Amino acid sequence: MADSILFEDIFTIVAVDPDGKKWDRVRRYVAHSELDMDLLLDVNTDVYPMQVEEKFALAMATTLSLDGTMDDGFFDQSGRKSLADKFEYVMYGKLYKYSDVEVNGISKVEVYISFGGLLMMLKGDPNHLNAFQVDQRLYLLIRKVPLVSSCRLRIAFLQARGHIAFCWLILERVWRPWRLILLCRKQGIKGFPFIPLIGQLPQISKVLSDTAQGSGMEWKAVSTAGECILSHGKIFYFTTAETVRICVADPDLIKDILQNNADCYCKPSFIHDLELIRTGIFASCGDVWAPQRQLLQLLFAPKVIKTEMSGINQLSRAALRSWTNEIDSKSGGELSVHKRLSELTLNVIKMLSVGEEGWGSDDQTSSNIAETFSRYLLNCRKLFFDFPSAVPGYRFLPTKLNKDIMKDEAWLTKVIEDLIVSRSREYVATSSEEREHKDVLDVLLTTVTINGQQVRDNGLTFLMAGHHTTASLLSWCMYLLALHPLWQERARAEVEEFCSNGEVDWNTLGQFKTLSMILSETLRLFPPIPLIGRQCVKENSVGPYVIPPGVEIIIPTAVLHRDKELWGEDADQFQPMRFANGLSKASKHILAYLPFGSGPRTCIGQNLALAEARTILATILPVYSWNLGPGYLHCPEVSLALHPKFDIPIVIQRLR
């Protein structure tokens with residue numbers, strides 16, 4: 001029987017005799033259906049009257065026989081049950097026209113059928129009418145749908161959707177994480193109590209949003225994570241909404257994750273879901289990531305960075321002139337150093353990734369971009385880890401947070417797309433012989449294996465991650481040197497010894513032993529990326545443990561860097577001399593120090609970041625000395641990078 005029904009739908013009458021009444025006992029009805037179909041139908045009103053807003057079910061069938069046996073239109077029930085038993089009005093006719101039409105740019109189909117002079121026109125999506133053919137003999141069957149029945153149908157439909165949503169919620173937010181937790185427990189991995197739907201989100205949200213001020217080296221998030229390790233061990237599980245995460249703070253286990261089994265992991269959901277950089281080198285995985293890494297790592301080789309030293313020097317000196325003018329205009333006083341360093345590092349990465357011309361030399365534009373990046377990343381962190389994120393679909397709700405994120409995404413996307421369009425126009429105006437690969441954007445635009453979205457996402461990746469992390473490193477370094485003036489003096493003396501002319505070149509960077517130790521110790525105490533995340537995509541062994549797909553790994557870099565078992569009892573103190581004999585001798589395990597990650601996904605820009613940081617500090621140190629402003633509030637905050645929540649006000653004294 002089902003095969004004999006070619007079409008069925010529920011219609012609502014919207015008009016009667018739209019062109020005026022033309023026939024006795026016959027009325028023309030205009031109706032619209034739940035499948036977005038339009039209907040014109042002539043009906044004998046003596047036999048079957050209908051009214052505007054009345055609903056009726058309509059079916060088109062090739063036969064009335066329940067067994068599908070064809071008939072010729074002179075169907076005789078003879079006591080047999082038929083399809084007509086379920087309907088109130090039946091007509092038999094012939095399809096005489098089938099045509100394609102276009103309505104407001106949308107392709108539709110019109111079907112015309114004659115029932116002994118009574119006409120019918122059915123128009124709508126071709127997918128609903130593809131069973132019809134010209135010269136086909138068809139039955140039209142109609143029955144009225146009482147309003148109460150329609151409501152019941154809608155209620156039943158909503159109830160069904162509710163049941164499906166509930167089942168999905170139980171499957172994804174309860175059963176799946178509980179299954180993964182049981183696998184952890186069977187292997188002896190301890191963890192936090194399983195709380196369906198929310199997990200440990202409330203506690204994590206509280207720690208991340210805590211604005212309580214500490215002092216010196218203190219950092220609330222690190223101390224909290226350290227307490228968790230003391231309670232549960234150096235590998236433990238916790239949950240955030242539906243995601244089961246395993247925290248790993250054992251260097252031997254970390255080696256398996258980042259190096260030995262690197263192909264079994266991709267970036268975690270909270271990185272992959274950053275819309276601005278989703279397909280770029282930082283957030284992508286597997287076959288999307290590998291060719292990008294191979295292509296772009298050549299641009300960050302030492303020999304390439306060496307050629308950019310002059311530009312970094314020029315931008316650093318220009319920033320110092322701006323700082324000096326600001327200080328002179330205020331007759332001394334404080335500078336918010338993180339804000340200034342964010343603008344400087346953004347200009348440096350702009351020069352290297354999208355060209356010196358970029359958005360021009362407007363400091364205000366650079367400031368706006370830096371502030372927008374910071375706000376966007378902080379809002380994304382709130383979206384992923386604040387308590388409301390436990391609500392399914394929360395990120396798609398029209399909340400103020402989501403609107404702010406979308407607004408910043410749109411503005412930053414326009415910035416990079418304008419640069420891409422401008423560079424593409426230059427290519428149209430020049431021959432291939434005249435083009436030179438000057439920066440990241442040039443290489444991306446001239447590589448056929450990189451698509452348009454990857455060009456955009458990589459442009460934003462380098463602008464965002466490239467300046468945000470280096471600004472964090474420099475800000476915390478200046479903070480630590482303000483707390484430790486003797487080390488500031490030692491660094492200044494070293495710079496003056498090797499850079500008497502004020503110009504920092506590539507060869508000079510290698511002579512900055514003291515400055516390198518200070519930067520290494522800064523990266524240890526305040527790593528720009530305070531945790532490393534991975535998502536398991538393939539079952540693998542990590543030490544004695546089997547990690548199943550779906551679990552996310554968290555490596556708490558900032559906690560690892562302060563582990564007294566690995567670094568000694570002075571792990572919380574600023575002691576640059578621990579790096580006097582190199583990184584390998586600074587701790588008891590080479591993987592106790594992970595400011596740039598490890599393995600195949602080691603930060604591609606680490607050589608640039610360190611060269612840039614040394615160059616900028618070597619430019620600042622001979623010109624200024626500084627100490628902390630009295631209004632400083634110590635409150636490290638995490639977005640993508642670790643930054644000072646309330647900036648770092650410093651009081652500057654000019655030395656020359």
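The values are calculated or read from the model by the stated rules, or taken from the named source; none is laboratory data. None of these values were measured; they are calculated from a predicted model. Note that each Cβ is placed from the backbone with ideal geometry, even for glycine, and that neighbours are counted across all protein chains shown.
Quick one: is Ala156 closer than 30 Å to Val391 by Cα, small (Gly, Ala, Ser) and assigned to a helix (DSSP H, G or I)?
Working: closer than 30 Å to Val391 by Cα: yes; small (Gly, Ala, Ser): yes; assigned to a helix (DSSP H, G or I): yes.
Spelling it out, Ala156 is indeed closer than 30 Å to Val391 by Cα, small (Gly, Ala, Ser) and assigned to a helix (DSSP H, G or I).
Please tell me if Val26 is closer than 18 Å to Glu88 by Cβ, touching a strand residue (DSSP E or B) at 6+ places or on another chain (Cβ under 9 Å) and loosely packed, with under 13 Cβ neighbours inside 10 Å. Walk me through how you get there before you give the answer.
Details: closer than 18 Å to Glu88 by Cβ: yes; touching a strand residue (DSSP E or B) at 6+ places or on another chain (Cβ under 9 Å): yes; loosely packed, with under 13 Cβ neighbours inside 10 Å: no.
The answer is no for Val26.
If you check Val354 against the conditions, is it over 22 Å from Cys499 (Cα atoms) and at pLDDT 90 or above?
Working: over 22 Å from Cys499 (Cα atoms): yes; at pLDDT 90 or above: no.
Criteria not met by Val354.
Please work out if Thr557 is β-branched (Val, Ile, Thr) and under 34 Å from the mean Cα position of the chain (by Cα). I'd like the intermediate steps shown before the answer.
Values: β-branched (Val, Ile, Thr): yes; under 34 Å from the mean Cα position of the chain (by Cα): yes.
For Thr557, the condition - β-branched (Val, Ile, Thr) and under 34 Å from the mean Cα position of the chain (by Cα) - is met.
Somewhere in the stretch 167-186, is a residue closer than 30 Å to Gly105 by Cα and among the β-branched types (Val, Ile, Thr)?
So far as the stretch 167-186 goes, no, none of its residues is closer than 30 Å to Gly105 by Cα and among the β-branched types (Val, Ile, Thr).
Can you find, within the stretch 160-205, the residue that is nearest to the chain's Cα centre (by Cα) among those that are part of a loop (DSSP other than H, G, I, E, B) and polar (S, T, N, Q)?
Applying the filter and picking the extreme gives Gln200.
Going through Glu343, Glu334 one at a time, which residue ends up being acidic (Asp, Glu), assigned by TED's automatic domain parsing to the domain that holds Leu621 and over 15 Å from Trp626 (Cβ atoms)? Show your work before the answer.
On the way: Glu334 fails: over 15 Å from Trp626 (Cβ atoms).
None of the other options fit; the residue is Glu343.
Of the conditions (1) more than 25 Å from Leu591 (Cα to Cα); (2) part of a helix (DSSP H, G or I); (3) not hydroxyl-bearing (Ser, Thr, Tyr), Leu473 satisfies every one except a single condition; which number is it?
Of the numbered conditions (1) more than 25 Å from Leu591 (Cα to Cα); (2) part of a helix (DSSP H, G or I); (3) not hydroxyl-bearing (Ser, Thr, Tyr), the odd one out for Leu473 is (1).
Kindly list the number of the only condition in (1) at pLDDT 90 or above; (2) part of a loop (DSSP other than H, G, I, E, B) that fails for Glu218.
Among (1) at pLDDT 90 or above; (2) part of a loop (DSSP other than H, G, I, E, B), the lone unmet condition for Glu218 is (1).
For (1) surrounded by 21 or more Cβ atoms within 10 Å (Cβ to Cβ); (2) assigned to a helix (DSSP H, G or I); (3) free of Cβ contacts under 8 Å to residues at least 60 places away in the same chain; (4) not small (Gly, Ala, Ser), each residue gets a yes or a no:
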| residue | (1), (2), (3), (4) |
| --- | --- |
| Ala618 | yes, yes, no, no |
| Ser625 | no, no, no, no |
| Pro630 | no, no, yes, yes |
| Glu637 | no, no, no, yes |
| Ile652 | yes, no, no, yes |
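Quick check on my filter: what residues within the stretch 604-634 are within 19 Å of Ile529 (Cα to Cα), out of contact with any Lys or Arg (no Cβ under 8 Å at 6 or more places or on another chain) and hydrophobic (A, V, I, L, M, F, W, C)?
Leu608, Ala609, Leu610, Ala611, Ala613
Six or more apart or on different chains, Cβ under 6 Å: which pairs go from a residue in the stretch 324-347 that's at pLDDT 90 or above and small (Gly, Ala, Ser) to one that's assigned to a loop (DSSP other than H, G, I, E, B) and surrounded by 19 or more Cβ atoms within 10 Å (Cβ to Cβ)? Could you list them?
Taking only residues 6 or more apart or on different chains, the pairs are Ser336/Asp647.
Within the stretch 165-199, count every residue that is over 27 Å from Ile229 (Cβ atoms) and touching a helix residue (DSSP H, G or I) at 6+ places or on another chain (Cβ under 7 Å).
Residues flagged as over 27 Å from Ile229 (Cβ atoms) and touching a helix residue (DSSP H, G or I) at 6+ places or on another chain (Cβ under 7 Å) within the stretch 165-199 amount to 0.
How many residues are within 30 Å of Trp411 (Cα to Cα) and of a type outside the set (Gly, Ala, Ser) when one looks only at the stretch 457-515? Walk me through how you get there before you give the answer.
The initial filter retains those residues of the stretch 457-515 that are within 30 Å of Trp411 (Cα to Cα), namely 457-476.
Okay, now just the ones that are also of a type outside the set (Gly, Ala, Ser), so 457-458, 460-464, 467-470, 473-474, 476.
Within the stretch 457-515, residues that are within 30 Å of Trp411 (Cα to Cα) and of a type outside the set (Gly, Ala, Ser) number 14.
Can you go through Asn402, Asn368 and tell me which one is surrounded by fewer than 21 Cβ atoms within 10 Å (Cβ to Cβ) and either at pLDDT below 80 or over 26 Å from Pro202 (Cβ atoms) (or both)? Step through it out loud before you land on a result.
On the way: Asn402 fails: either at pLDDT below 80 or over 26 Å from Pro202 (Cβ atoms) (or both).
Answer to the check: Asn368.
Name the pairs whose Cβ atoms lie under 9 Å apart, with the first residue in the stretch 542-562 and farther than 14 Å from His589 by Cβ, the second in a strand (DSSP E or B) and of a type in the set (Phe, Trp, Tyr), and 6 or more positions between them or separate chains?
Correct list of pairs: Ile547/Tyr265; Val551/Tyr237; Ile553/Tyr265; Ile554/Phe238.
What is the number of the single condition among (1) more than 28 Å from the chain's Cα centre (by Cα); (2) at pLDDT below 85; (3) within 25 Å of Arg381 (Cα to Cα) that Phe157 does not meet?
(3)
Taking the residues in the stretch 421-455 that are of a type in the set (A, V, I, L, M), in contact with a helix residue (DSSP H, G or I) (Cβ under 9 Å, 6 or more places away or on another chain) and at pLDDT below 85 as candidates, determine which candidate is nearest to His272 (Cα to Cα). Step through it out loud before you land on a result.
Filtering the stretch 421-455 down to residues of a type in the set (A, V, I, L, M) leaves 421, 428-429, 440-441, 443-445, 448, 450, 455.
If we keep only those that are in contact with a helix residue (DSSP H, G or I) (Cβ under 9 Å, 6 or more places away or on another chain) too, we end up with 440-441, 443-445, 450, 455.
Then drop every residue that is not at pLDDT below 85, which leaves 440-441, 443-445, 450.
Numbers: Val440: 22, Leu441: 22, Val443: 24, Leu444: 21, Leu445: 23, Ile450: 18 Å.
It comes out as Ile450.
Taking the stretch 240-257 on its own, how many of its residues are of a type outside the set (A, V, I, L, M, F, W, C) and either at pLDDT below 95 or surrounded by fewer than 19 Cβ atoms within 10 Å (Cβ to Cβ) (or both)?
So the count comes out to 5.
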